[in-house]
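The structure appears below as structure tokens.
The values are calculated or read from the model by the stated rules, or taken from the named source; none is laboratory data. The model shown is predicted, which means the values in this text are computed figures rather than measured ones. In this analysis, Cβ positions are derived from the backbone assuming ideal geometry, glycine residues included, and neighbour counts consider all displayed protein chains. Accessible surface areas use protein heavy atoms only, side chains included; no ligands, DNA or RNA. Shrake-Rupley method; radii C 1.70, N 1.55, O 1.52, S 1.80 Å.
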Amino acid sequence: SIKDSTHGSIQFYEKEMSTGSIREMIIENELRHAIAKNEFTLVFHPQACLESGDLSGVEALLRWKSSALGMVSPFEFIEVAEKTGLIIPIGKWVIEQACHYALKLERELGRPVKMAVNLSPVQFVQPNLVEIITNALEEAGLNASSLELEITESVAMEDEAHVMEKLTALRELGVHVSIDDFGTGYSSLQYLSQYPIDKLKIDKSFLRVQTNTNQTIIKSIVSMGHNMGMKVIAEGVESYDHVELLRSLDCDEMQGFVWTKPLPFTELITKLTSEGRFPLDTVKN
Ligand code: C2E
Ligand code: MG
Ligand code: MG
Ligand code: MG
């Protein structure tokens with residue numbers, strides 16, 4: 001009956017609501033003190049040039065070990081941080097730490113390395129973003145060209161005048177900008193071609209299933225990026241089959257578990273100083 005089905009759906013709805021919101025409330029409360037309690041760390045995921053195997057950059061990824069909840073996935077806590085505005089202080093911490101480690105990495109390797117940092121849409125629109133980044137670079141003593149900000153298509157497609165103004169200021173500062181998870185959003189190619197953007201990062205979903213359609217999409221993104229004067233990197237590269245495919249499609253760079261999972265800083269240094277580069281010659285052919 002109507003009564004029964006209504007009852008059933010309300011029960012289901014309430015259950016979803018309460019479990020969701022209680023965990024979210026705990027996450028919010030715990031997040032408030034996470035910086036002060038030293039619960040955040042960064043791990044680093046190396047990126048390689050597909051032609052040479054050389055290290056081309058490193059992505060800083062945030063990890064949170066909450067004393068109350070244990071490890072919480074960034075997919076879960078970043079969303080809460082964005083909803084509550086806590087992403088502003090947390091994101092600032094990430095930028096500062098990433099700049100600090102970028103300089104340490106450059107000293108260890110004896111050459112400049114690009115450090116990529118994820119920027120939430122909430123951070124992108126904050127009025128003092130450029131100031132925060134300028135200060136973090138200065139504080140760390142890092143060259144602006146060593147910092148790359150990863151924004152998503154959703155950011156790039158907001159108020160176009162504002163986006164253009166922000167991106168131009170960042171370009172003038174000298175930092176690089178890439179579009180993360182590219183291909184999953186709804187970006188207007190018209191705007192994209194006008195914005196000062198350095199790199200497209202192909203979303204990992206296009207490699208996960210190797211269909212003709214996905215290969216065609218990857219191929220199109222690569223040639224589109226190149227036509228707009230951008231570099232193209234693929235993430236989610238898990239196998240040498242992926243590596244071969246991307247090389248055949250003329251993609252510039254790769255990031256993925258085929259080389260390593262994201263590593264704590266000291267492990268990253270150990271790996272890079274012992275291996276030197278991504279072992280491309282292991283590619284069977
Ligand atoms: P993302 O920026 O697209 O980062 C790439 C994610 O894909 C990372 O997950 C990385 O570990 C994973 N990944 C890379 N290569 C592979 C692969 O070959 N196979 C598989 N299965 N996964 C791979 P992670 O670290 O869990 O981060 C998830 C997302 O959380 C990030 O996606 C990013 O959107 C967000 N995030 C992480 N750190 C930060 C941060 O400091 N600030 C902001 N705003 N967001 C962050
Ligand atoms: Mg990213
Ligand atoms: Mg992302
Ligand atoms: Mg991504």
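Residues being of a type in the set (Val, Ile, Thr) and over 15 Å from the mean Cα position of the chain (by Cα): count how many of those fall in region 50-89.
4
Within the group ILE35, ILE22, ILE27, which residue is among the β-branched types (Val, Ile, Thr), open to solvent by 60 Å² or more (accessible area, probe 1.4 Å) and in contact (Cβ under 8 Å) with a residue 24 or more places away in the chain?
ILE35
So, in region 63-85, exactly how many residues are touching a residue at least 40 places away in the same chain (Cβ under 8 Å) and open to solvent by less than 20 Å² (accessible area, probe 1.4 Å)?
4
Conditions: (1) of a type in the set (Lys, Arg); (2) at pLDDT below 95; (3) surrounded by 10 or more Cβ atoms within 10 Å (Cβ to Cβ). LYS92 meets all but one. Number of the miss?
All conditions are met except number (2).
Could you list, in sequence order, the residues of region 154-175 that are modelled with pLDDT of 90 or more and within 16 Å of ligand 3 (Cβ to nearest atom)?
Within region 154-175, none qualify.
Which count do you get for residues in region 253-270 that are outside any helix (DSSP H, G or I) and open to solvent by 40 Å² or more (accessible area, probe 1.4 Å)?
Step one: filter region 253-270 for residues outside any helix (DSSP H, G or I), giving 253-264.
Next, from what is left, pick out any that are open to solvent by 40 Å² or more (accessible area, probe 1.4 Å): 257, 261, 264.
Total satisfying the criteria: 3.
Of all residues being over 17 Å from PRO46 (Cβ atoms) and open to solvent by 50 Å² or more (accessible area, probe 1.4 Å) in region 95-106, which is farthest from ligand 3 (Cβ to nearest atom)? Just the residue, please.
Filtering first and then ranking leaves HIS100.
Give me the pairs, please: first residue somewhere in region 249-274 and of a type in the set (Phe, Trp, Tyr), second residue anywhere and open to solvent by 20 Å² or more (accessible area, probe 1.4 Å) and at pLDDT 95 or above, beta-carbon distance under 7 Å, and either six or more positions apart or on two chains.
PHE257/GLU238; PHE265/TYR101
Of (1) of a type in the set (D, E, K, R); (2) open to solvent by less than 70 Å² (accessible area, probe 1.4 Å); (3) within 16 Å of ligand 2 (Cβ to nearest atom), GLU244 satisfies all except one. Which?
Condition (3) is where GLU244 drops out.
Okay, residues lined up against (1) open to solvent by 20 Å² or more (accessible area, probe 1.4 Å); (2) under 30 Å from ARG277 (Cβ atoms); (3) within 15 Å of the chain's Cα centre (by Cα):
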position	(1), (2), (3)
SER120	no, no, yes
ILE132	no, no, no
LEU142	no, yes, no
ALA161	yes, no, no
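Here's a check for you: in region 144-153, which residue that is over 22 Å from GLU82 (Cα atoms) and not polar (S, T, N, Q) is surrounded by the most Cβ atoms within 10 Å (Cβ to Cβ)? Before you say what the answer is, go through the steps one by one.
Step one: filter region 144-153 for residues over 22 Å from GLU82 (Cα atoms), giving 144-147.
The next check asks that each one be not polar (S, T, N, Q); those that pass are 144, 147.
Numbers: ALA144: 17, LEU147: 25.
The selected residue is LEU147.
Where residues in region 182-204 are in contact (Cβ under 8 Å) with a residue 40 or more places away in the chain and within 13 Å of ligand 3 (Cβ to nearest atom), which of them is nearest to GLU138 (Cα to Cα)?
Of all residues in region 182-204, those in contact (Cβ under 8 Å) with a residue 40 or more places away in the chain come to 197-199, 201-202, 204.
Of the ones still in play, those that are also within 13 Å of ligand 3 (Cβ to nearest atom) are 201-202, 204.
Numbers: LYS201: 27, ILE202: 31, LYS204: 34 Å.
Filtering region 182-204 for residues that are in contact (Cβ under 8 Å) with a residue 40 or more places away in the chain and within 13 Å of ligand 3 (Cβ to nearest atom), the one nearest to GLU138 (Cα to Cα) comes out as LYS201.
In the set ILE151, ILE179, which member is within 13 Å of ligand 3 (Cβ to nearest atom) and either closer than 14 Å to LEU129 by Cα or without any contact (Cβ under 8 Å) to a residue 24 or more places away in the chain (or both)?
ILE151
Against the definition (within 16 Å of ligand 2 (Cβ to nearest atom), farther than 24 Å from THR184 by Cβ and at pLDDT 95 or above), how does ALA144 come out, yes or no?
no
Say whether the condition of being over 17 Å from the mean Cα position of the chain (by Cα), under 19 Å from VAL117 (Cβ atoms) and either of a type in the set (A, V, I, L, M, F, W, C) or within 16 Å of ligand 4 (Cβ to nearest atom) (or both) is met by at least one residue in region 172-179.
Yes, some residue in region 172-179 is over 17 Å from the mean Cα position of the chain (by Cα), under 19 Å from VAL117 (Cβ atoms) and either of a type in the set (A, V, I, L, M, F, W, C) or within 16 Å of ligand 4 (Cβ to nearest atom) (or both).
Checking the condition small (Gly, Ala, Ser) and under 18 Å from VAL155 (Cβ atoms), which residue from GLY236, GLY225, GLY229 passes? Before the answer, list the steps.
Details: GLY236 fails: under 18 Å from VAL155 (Cβ atoms); GLY229 fails: under 18 Å from VAL155 (Cβ atoms).
So the residue among GLY236, GLY225, GLY229 that is small (Gly, Ala, Ser) and under 18 Å from VAL155 (Cβ atoms) is GLY225.
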